[in-house]
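Working notes, structure below.
The values are calculated or read from the model by the stated rules, or taken from the named source; none is laboratory data. No experiment lies behind these values; they were computed from the predicted model shown. Note that each Cβ is placed from the backbone with ideal geometry, even for glycine, and that neighbours are counted across all protein chains shown. Just the protein is used for accessible areas: all its heavy atoms, side chains included, with ligands, DNA and RNA removed. Shrake-Rupley method; radii C 1.70, N 1.55, O 1.52, S 1.80 Å.
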Amino acid sequence: MTHRIMHIDLDAFFVSVEQVLNPELRGKPVVVGGKPDRRGVVASASYEARAFGLHAGMPLVTARRLCPHAIFIEGSFTKYRDASQRFMAILADFSPYLEPVSLDEAYLEVTGFESIHGSIHQMAAAIKQRIKDELGLPSSVGIASGKVVAKIASELSKPDGLLEVAAGEERSFLAPLPIAKLPGIGKKTERIFKGLGINTVGELSIMPLNVLKSHFGASGELLYRYANGIDDSKVEPPGAAKSISRETTFGQDTRERSLLKGTLGYLSERVGAELRQKDRQAGCVTLKLRYADFSTITRRHTLIKATDADQTIFDIGLQLLTRALSQERQPVRLIGIGVSNLTEPGRQLDMLDLSAQRLERLNKAIDRIRKKYGFSAIQTGRTLPLKDIFPSGDNGYTLHTPSLSR
Ligand code: DCP
Ligand code: CA
């Protein structure tokens, strides 16, 4: 029996949901992300819009310049969340070994399921059909012996595609592809490889492991494995969330300390609230900053003792922020705070640590009140600088681009 993993990804997800609800949008260049006179970026572009060069992450003003007749939609997160839940429910009907990766993307462990469906290929076709019939949404599916190749296969097959890489064919499938298709190869790594004369995955795959390790450390070994189609990562069931983060882009790039600090405080509270709601604690805090020129940094700090307290997340975030700002003179475009190294749900109270217990009681009380009366029912001192800047509603401040990351 060969090991089979499926990667399923909805095509132009946000746009496709809008097209289901409003058939007039079908077959047209459509962008979800906001009106083009607003600061912000394309979240999703229809394939008709992509023909003009539009893609996710592109500033809306650029998108309008390249495709003036595109239809720009603000979008609404609740619609996408609902569609996502129904999508995941369909997948769960096919295999209990489901790992959602984002709203519109998941891995399914399907080894041995050919006996039910005739073949894994037929199983994938049946999944695509149900998503189409029940949600009206187009999807693409990749099938392979590992997650990395399955994901690359689904991406290559888009839109409305289905591509299976037979066991043993991983290396030859990957060989002609540009190295940027591999996970973990960003712009910087790509440049380094180009400098070494390495452009395709095939060329990368024959580089000696020790050379890769000397250039890239532990990730060099990972790249070596991926390039050679060696990938034994497992499909991980839900509940095993790895990180929680919140981020926002400012209306205008800023150096304003109180605004940065206030926003960091607000985002820290959001992260802490989700940690406690999931009954988890975090062992690592990560600050993210994007500067005016779009260069982006992350700074992380590992905790001696896992926490779920807003105060601790904020304090560490602030230390990281202070250090980062002392090293960079540019104004800040985006700020984010995240936590990782999460504990399993449930934990033992540290009976000796009274201050930790006090913080815990305080945060629990805040969560209770906010659950009942909305997030803004309690505004802590650390977010007060935001009061005059962002409109606030029951659900907290309306930031310019509320993060979709989880
Ligand atoms: N998204 C976003 N901002 C980004 C990228 C994505 O808000 N920079 C949102 C909108 C997308 C959804 O996440 O619809 C899924 O992201 P994908 O990368 O899967 O992109 P699409 O589903 O839009 O297109 P594709 O057909 O390439 O999967
Ligand atoms: Ca998608």
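Overview of results
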{"item": "DSSP loop GluC sites (Glu not before Pro) with at most 16 other Cβ within 10 Å excluded, longest remaining stretch of the chain", "result": "75-168"}
{"item": "Tensor-based shape of segment 211-326 (alpha-carbon gyration tensor, a/c under 1.5 rounded, otherwise prolate or oblate)", "result": "oblate"}
{"item": "Given charges at beta-carbon only (K, R positive; D, E negative), |dipole| of the chain in Debye", "result": "1420"}
{"item": "Residue (of Y97, Y47, M1) at the positive-pole extreme of segment 1-111, dipole from beta-carbon charges", "result": "Y47"}
{"item": "Principal semi-axes in Å for segment 1-46 [√(5λ), Cα gyration tensor, largest first]", "result": "30, 15, 7"}
{"item": "Euclidean distance between Cα centres, segment 80-125 to segment 158-225, Å", "result": "27"}
{"item": "Å² per residue, accessible surface of the chain at 1.4 Å", "result": "50"}
{"item": "Prolate/oblate/rounded call for segment 67-205, Cα gyration tensor, a/c under 1.5 rounded", "result": "oblate"}
{"item": "Approximate spin-label separation Q330-F52, in nm, with each point projected 7 Å along Cα-to-Cβ", "result": "2.8"}
{"item": "DSSP-defined antiparallel bridges as percent of all bridges, segment 64-218, nearest 5", "result": "60"}
{"item": "Residues of type lysines that K128 reaches as a straight line, Cα spacing below 18 Å, ignoring anything fewer than 8 places off in the same chain", "result": "K151, K158"}
{"item": "Share of carbon and sulfur in the accessible heavy-atom surface of the chain [1.4 Å probe, %]", "result": "54"}
{"item": "Å³ per residue enclosed by the Cα convex hull of the chain", "result": "174"}
{"item": "For the chain, built as a Gaussian network whose Cα springs stay under 10 Å, the top-fluctuating residue of F375, F14, F314", "result": "F375"}
{"item": "Beta bridges per DSSP with both ends in segment 1-150, % antiparallel, nearest 5", "result": "85"}
{"item": "Largest to smallest accessible area among L156, L182 [probe 1.4 Å]", "result": "L156, L182"}
